[in-house]
Structures are given as structure tokens and as C-alpha cells.
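Since the structure comes first, as C-alpha cells, the remarks are kept for the end.
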Amino acid sequence: RRPSETNCVEYVFVNDTTFDVHKLMGRLIEEREYQTVNGIYRYGTPYFIHEYCSDYVGIADIDGLIKIIKAYPNEKIKVYYVKANEQVRGKRAIERGDNMAEWNRRLIADRIDFSDEKKSELNKVLKECGQKEFEVIINDK
């Protein structure tokens with residue numbers, strides 16, 4: 001996590017052992033590992049979050065979001081795709097003090113993870129579950 005991130009604010013942070021237990025017990029709807037310049041970063045969305053919250057905001061890549069939608073096909077899920085151009089995102093990364101090698105790795109990965117093909121697949125799954133297509137929010141300021 002970044003030094004500016006606080007547990008239970010931006011994300012819920014757990015140690016590797018806790019994450020592995022949730023994964024082995026099938027408690028994660030989706031999970032992802034990123035090999036970053038700072039080591040492996042792991043993210044996941046637990047099934048049990050739904051037990052504690054009726055309304056909540058989650059952040060996921062498209063593959064993860066598709067798994068979440070399929071896990072809860074009868075729930076009302078509103079999907080927003082927050083888009084910022086690469087120059088704006090790069091400027092934000094510099095202002096945050098991000099490692100530039102990591103920023104470049106992430107930029108390349110995001111071009112794949114958020115490709116037009118994957119966005120079309122997401123809209124197809126949303127439609128199959130009776131949901132509206134995702135809305136795009138431009139965040140270039």
C-alpha cells in the first residue's frame with residue numbers, strides 16, 4: 001500500500017496469511033496479483049462483504065467486475081468506468097510520488113485490462129444479467 005493509504009479507508013488491508021486463508025476457503029469472488037516493481041500486490045473481493053453492507057462501492061478491473069456480477073446476478077449493480085487520459089494519470093502519479101517504473105508497467109497493463117474488447121465483454125455480461133451498460137465518467141481534471 002502507498003504510505004498515504006489508511007486501512008479501512010481506501011481499502012481493507014490484510015496480511016498474506018489472511019488473504020491465503022480466504023482464497024483457500026473460497027471466500028473470494030475474485031482476486032488478482034500484480035507483479036510490480038515493488039513486489040507482488042494482491043487484491044481481492046470477498047463474498048462476505050455483502051453480508052455486512054447493503055450498499056457499497058467497490059473497485060475492480062473488468063475481469064474482476066465480471067466475476068462479481070456473475071456472483072450476484074440478481075443484485076442491482078451500477079457500474080461506472082472512470083476514465084482519465086494517460087497524460088493526466090501520469091501527472092497524478094508523479095504528484096503522488098509513485099515510482100515511474102511502476103507507473104509505466106501499470107500503464108501498459110491497463111491498456112490490456114481496459115481494452116475495448118474487455119469493455120464490450122463487460123457490457124455483454126451486464127446485459128445478460130438484466131443490468132444497464134456501464135456509464136463512463138471522464139476524470140481529466
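The values are calculated or read from the model by the stated rules, or taken from the named source; none is laboratory data. Every value quoted in this text rests on a predicted model; they were computed, and no experiment measured them. So basically every Cβ, Gly included, is an ideal-geometry build from the backbone, and we count neighbours across all protein chains shown. In case anyone asks, the SASA skips ligands and DNA or RNA and just uses the protein heavy atoms, side chains included. Shrake-Rupley method; radii C 1.70, N 1.55, O 1.52, S 1.80 Å.
In segment 118-132, the qualifying residues are those that are assigned to a helix (DSSP H, G or I) and either open to solvent by less than 30 Å² (accessible area, probe 1.4 Å) or not charged (D, E, K, R) (or both), and the one that is nearest to I62 (Cα to Cα) is L122. Would you mind finding the one in I49, I59, I29 that is over 18 Å from D98 (Cβ atoms), under 14 Å from the mean Cα position of the chain (by Cα) and either surrounded by 12 or more Cβ atoms within 10 Å (Cβ to Cβ) or not polar (S, T, N, Q) (or both)? Of the residues listed, the single one that is over 18 Å from D98 (Cβ atoms), under 14 Å from the mean Cα position of the chain (by Cα) and either surrounded by 12 or more Cβ atoms within 10 Å (Cβ to Cβ) or not polar (S, T, N, Q) (or both) is I29. If you go through segment 70-88 and keep only what is polar (S, T, N, Q) and not in a helix (DSSP H, G or I), you end up with N74, N85. Within segment 104-119, residues that are within 16 Å of I94 (Cβ to Cβ) have Cβ atoms under 8 Å from residues that are in a helix (DSSP H, G or I) in these pairs: L107/E86; L107/R89; L107/G90, counting only partners at least 6 apart in sequence or on another chain.
Counting just the residues of segment 91-117 that are closer than 14 Å to D63 by Cβ and open to solvent by 60 Å² or more (accessible area, probe 1.4 Å), which one comes out nearest to the chain's Cα centre (by Cα)? Out of the qualifying residues, it is I112.
What pairs come out if I take residues in segment 19-42 that are aliphatic (A, V, I, L, M) and pair them with residues that are assigned to a loop (DSSP other than H, G, I, E, B) whose C-beta lies under 6 Å away, six or more apart or interchain? Final answer for the pair search is I29/Y47; V37/N99.
Only one of the numbered conditions (1) within 22 Å of K132 (Cβ to Cβ); (2) not in a helix (DSSP H, G or I) is not met by V14, and that is (1).
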